[in-house]
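**Q** Please see the structure below; I have some questions.
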Amino acid sequence: MKISVLLNGLNTIMDIEPHEMLLDVLRRYGCLSVKRGCDTSSCGVCTVLLDGSPVLSCSLFAAKADGHRITTAEGMQTEIAEFADFLNREGADQCGYCNPGFALTIQAMKRELSDPTEAQIKQYLAGNLCRCTGYVGQLRAIKKFLGVES
Amino acid sequence: MLTIAEYLKPQSIAEAYHLLKNKENSVIIGGGFFTRMSSRKIGAAIDLSDARLNEIRETEQAIEIGAMVNFSQLEKDTALIEYFDGIIPATVANLPGQQMRNMVSVGGTIYGKYGFSELLTVLMVLDCQVVLYQGGVMELTEFLNLKGKPQDILEKIIIKKENLKASYKMFRYSSGSLPILTVAVSEKNNQYKIAVGARPAMAALAIKTMEYLNSNEQTDDSPLKAAEIAAGELVFGVDRRASGEYRQELCKVLVKRAILEVNER
């Protein structure tokens, strides 16, 4: 079947199987920033924005995205580069595998929450896991990026 | 491995029901979380995303929640924050990660009758009805007691607005895991409702416990005694997360805490 999406600002017609997950379709169409981590809706490395809201592409039928706007890290390179700068300065990056998912969720959080508390940041980001860092450096970077008090 | 022959997105619940009845091996898709993890051969997947079931509506008497409302909408709704001690937004916030809350649907949660469903446990202690497209309006507890899953479509739930106090308690090993035990208590005019879920079976009302509290004067010992009755009357089983005995002990603690919290409000 075919679906029509606005992928990173471009009208895109995609050929999909009815049971295919959005993750596999996006990777097939060149969005390699979208990664497969757990495949059980737990880790968040597959996060993309659907109409601006973060969703888990490993658990979303691609057909559900028909007629909607999808944003991956490829479509937010400038914004994500700005956030990556904060990560670098806090030494908050190791393997980088979780970064695209984290960055997209943080972009959505920045739009949705004004002046979030640490608890709110943690709750919003609870669906993005990192196996490397322990989150401390990342949290510092996020707070500085959002301009909230430590 | 899951296979789907045809993926359909009807524009109304009437159209969805027609497809459900006429397409061979058809399945309704809400959020799709558990469907996609199954190994089934589905003839027609009927996705309700475009069927206009994703609104929360407040009337004078009740709050109506469409079947395709997601947990993120529940979390932010001002009426739900105001009523029932804000127990619904507080409970759905436990689902880890904004992504999952953006995807999980109310209808999928209720129709699935999942034992670990925190929302279901909470709804059981409120005055909640379900509206099925063909089956009409029925009490939530009546729906949950139906054998199997009727070939019908859940359209919405209706929660009567009441001035009651409510508390929700749960235990899970980590924020990212499913709850091992869920407890909800509500109280209105000294009448209590108590529901316990993740037994690991679906949530059940603790009937004898409610009778004890509702027909006896409250003393300092009442919460503990009630918790012991609840732990004794309900059946707890074992799964990979916990034993029945562990769940029973948790029940004693969480029921007592929930009653105390409601009493203090």
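The values are calculated or read from the model by the stated rules, or taken from the named source; none is laboratory data. All values reported here derive from a predicted model rather than from experimental measurement. Note: ideal-geometry Cβ built from the backbone for every residue, glycine included; neighbour counts use all protein chains shown.
**Q** Among the residues of segment B:8-28, which ones are without any contact (Cβ under 8 Å) to a residue 60 or more places away in the chain and under 21 Å from B:V106 (Cα atoms)?
**A** Keep residues of segment B:8-28 that are without any contact (Cβ under 8 Å) to a residue 60 or more places away in the chain, which gives B:8-12, B:15, B:18-19, B:22-27.
Within segment B:8-28, B:L8, B:K9, B:P10, B:Q11, B:S12, B:E15, B:S26, B:V27 meet the criteria.
**Q** A further question follows. Please go through segment B:80-96 and pick out each residue that is of a type in the set (G, A, S) and free of Cβ contacts under 8 Å to residues at least 24 places away in the same chain. Break it down stepwise before answering.
**A** Quick first cut of segment B:80-96, residues of a type in the set (G, A, S) only: B:86, B:90, B:93.
Within segment B:80-96, B:G86, B:A93 meet the criteria.
**Q** Does segment B:213-231 hold any residues that are without any contact (Cβ under 8 Å) to a residue 24 or more places away in the chain and either of a type in the set (A, V, I, L, M, F, W, C) or not in a loop (DSSP other than H, G, I, E, B) (or both), and which are they?
**A** If the condition is that a residue be without any contact (Cβ under 8 Å) to a residue 24 or more places away in the chain and either of a type in the set (A, V, I, L, M, F, W, C) or not in a loop (DSSP other than H, G, I, E, B) (or both), then B:S215, B:K225, B:I229 are the ones that fit.
**Q** Which condition breaks for B:F84 when tested against (1) in contact with a Ser or Thr (Cβ under 6 Å, 6 or more places away or on another chain); (2) buried (at least 23 other Cβ atoms within 10 Å of the Cβ)?
**A** All conditions are met except number (1).
**Q** Given A:S4, A:S42, A:S33, which one is touching a residue at least 40 places away in the same chain (Cβ under 8 Å), more than 9 Å from chain B (Cβ to nearest Cβ) and in a loop (DSSP other than H, G, I, E, B)?
**A** Just a single option satisfies the conditions, and that option is A:S33.
**Q** Still on this structure, please answer the following. So which residues in segment A:16-26 are over 14 Å from the mean Cα position of the chain (by Cα) and not in a loop (DSSP other than H, G, I, E, B), if there are any at all?
**A** At the first step, the residues of segment A:16-26 found to be over 14 Å from the mean Cα position of the chain (by Cα) are A:16-21, A:24-25.
If the condition is that a residue be over 14 Å from the mean Cα position of the chain (by Cα) and not in a loop (DSSP other than H, G, I, E, B), then A:M21, A:D24, A:V25 are the ones that fit.
**Q** Let me ask something else. Just give me the residues in segment B:227-265 being surrounded by fewer than 17 Cβ atoms within 10 Å (Cβ to Cβ) and among the small types (G, A, S), in sequence order.
**A** Selection gives B:G232, B:G237, B:S243, B:G244.
**Q** So, one more: Restricting to segment B:34-49, count the residues that are in contact (Cβ under 8 Å) with a residue 60 or more places away in the chain and surrounded by fewer than 22 Cβ atoms within 10 Å (Cβ to Cβ).
**A** 1
**Q** Got a sec? Which of B:T3, B:T35 is within 14 Å of chain A (Cβ to nearest Cβ), under 14 Å from B:G108 (Cα atoms) and among the polar types (S, T, N, Q)?
**A** Details: B:T3 fails: under 14 Å from B:G108 (Cα atoms).
Going through B:T3, B:T35 in turn, just one is within 14 Å of chain A (Cβ to nearest Cβ), under 14 Å from B:G108 (Cα atoms) and among the polar types (S, T, N, Q): B:T35.
**Q** Take the residues in segment A:107-144 that are under 14 Å from A:L87 (Cβ atoms) and touching a strand residue (DSSP E or B) at 6+ places or on another chain (Cβ under 9 Å), then tell me which one is nearest to the other protein chains (Cβ to nearest Cβ).
**A** Ranking the candidates gives A:N128 first.
**Q** Test A:T12 against the criterion of being within 14 Å of chain B (Cβ to nearest Cβ), at negative phi, β-branched (V, I, T) and surrounded by fewer than 21 Cβ atoms within 10 Å (Cβ to Cβ), and give yes or no. Outline the logic, then answer.
**A** Numbers: within 14 Å of chain B (Cβ to nearest Cβ): no; at negative phi: yes; β-branched (V, I, T): yes; surrounded by fewer than 21 Cβ atoms within 10 Å (Cβ to Cβ): yes.
Here the answer is no, as A:T12 does not meet what is asked.
**Q** Is it the case, given these coordinates, that A:C98 is within 13 Å of chain B (Cβ to nearest Cβ) and either more than 22 Å from A:V55 (Cβ to Cβ) or at pLDDT below 95 (or both)?
**A** On the way: within 13 Å of chain B (Cβ to nearest Cβ): yes; either more than 22 Å from A:V55 (Cβ to Cβ) or at pLDDT below 95 (or both): yes.
Yes: the conditions hold for A:C98.
**Q** Moving on. Based on what the data block shows, is B:V137 surrounded by fewer than 24 Cβ atoms within 10 Å (Cβ to Cβ), touching a residue at least 12 places away in the same chain (Cβ under 8 Å) and assigned to a strand (DSSP E or B)?
**A** On the way: surrounded by fewer than 24 Cβ atoms within 10 Å (Cβ to Cβ): yes; touching a residue at least 12 places away in the same chain (Cβ under 8 Å): yes; assigned to a strand (DSSP E or B): yes.
It is true that B:V137 is surrounded by fewer than 24 Cβ atoms within 10 Å (Cβ to Cβ), touching a residue at least 12 places away in the same chain (Cβ under 8 Å) and assigned to a strand (DSSP E or B).
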